[in-house]
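The values are calculated or read from the model by the stated rules, or taken from the named source; none is laboratory data. Here the structure is a predicted model, which means the values were calculated and not measured. Cβ placement follows ideal geometry from the backbone for every residue including glycine, while neighbour counts extend to all protein chains displayed. We work out accessible area using only protein heavy atoms, side chains counted, and drop any ligands, DNA or RNA first. Shrake-Rupley method; radii C 1.70, N 1.55, O 1.52, S 1.80 Å.
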Amino acid sequence: MAVTMKSGEIRRYDANERLNHWAVAVLFVLLTASGLAFFHPAFWFLSGLLGGGNWSRILHPFLGVLMFVLFFVMAIRYWDDNKIKPHDREWGKRLSDVISNRDHGLPEIDKYNLGQKYLFWVMVGTMGLLLLSGIIIWRPYFAEAFHIDVIRIAVVIHAVSAFILILGIMAHIYAGVFWVAGSLRAMTRGTVSQAWARQHHALWHRRMSGPK
Ligand code: HEM
């Protein structure tokens, strides 16, 4: 189906998708701030974002469940687009060209490139682990049901998953805002230019500008 717009732009995300994404992003910032505040006293000042220590402690788990649910909606939407295909592996073998922005002759890619796809699966894995471990350590509601050793292991899994997700999101922000110029407007205005689509996602571009 052709979705090229009058102005020659291509629709990449509709309003629902963008609202969903930015809601997850805001929750991620609040959860990272409160989570870091619990993790080390050096970050305690960040608890102010949710109204201090007590409110952070109460709200963090509820906001975490909300972020998981909203992320889950987003992940279901993009699941198929993030399945790794043979042309992605070929693209991955040319990583040095990709890093040096030598795009010429790179295998054509679909809606997402291999880096985005790996990151997507890191998000899915860490979100799942954060939810499971978070429920196990959630006092006073669920933690009583688990042995203290299980809770200890869950605390470590929670911290390690959060650390990996935070690093992943830092890379995601860097790539979306600075590295691949023209990507951010996909998530703000919802559209990308024809040139952007042709250069970075040629297969997707062809699919989107297919039979009218
Ligand atoms: C300030 C923070 C963020 C910025 C600036 C940002 C930016 C972007 C941009 C520009 C895109 C479009 C990329 C493209 O279509 O090629 C995107 C897609 C996406 N973002 Fe974010 N993002 C942020 C936070 C997050 C967070 C916290 C999550 C999840 C925990 C997330 C998950 C996703 C997902 C799943 C996609 C769809 C693309 C994919 O499957 O890789 N983003 N983001």
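Remark: pairs (first residue in the stretch 66-82, among the charged types (D, E, K, R); second residue modelled with pLDDT of 95 or more and assigned to a helix (DSSP H, G or I); Cβ separation under 9 Å; 6+ apart in sequence or on different chains) = Arg77/Glu17; Arg77/Asn20; Asp81/Lys117; Asp81/Phe120; Asp81/Trp204. Of everything listed in (1) free of Cβ contacts under 8 Å to residues at least 40 places away in the same chain; (2) more than 10 Å from the ligand (Cβ to nearest atom); (3) under 24 Å from His40 (Cβ atoms), the single unmet condition for Ile164 is (1).
Restricting attention to the stretch 188-202, the residues being open to solvent by less than 40 Å² (accessible area, probe 1.4 Å), within 13 Å of the ligand (Cβ to nearest atom), assigned to a helix (DSSP H, G or I) and touching a residue at least 24 places away in the same chain (Cβ under 8 Å) number 1.
Taking the stretch 71-184 and the helices (runs of 4 or more DSSP H) fully enclosed by it, the elements with 2 or more residues that are open to solvent by 50 Å² or more (accessible area, probe 1.4 Å) and closer than 19 Å to Trp196 by Cα are at 148-173. Just one of the listed residues (Val29, Val98) is on the phi < 0 side of the Ramachandran plot, without any contact (Cβ under 8 Å) to a residue 24 or more places away in the chain and more than 11 Å from the ligand (Cβ to nearest atom), namely Val98.
Among the residues of the stretch 129-146, at least one is touching a Leu at 6+ places or on another chain (Cβ under 8 Å), within 16 Å of Val24 (Cβ to Cβ) and modelled with pLDDT of 95 or more.
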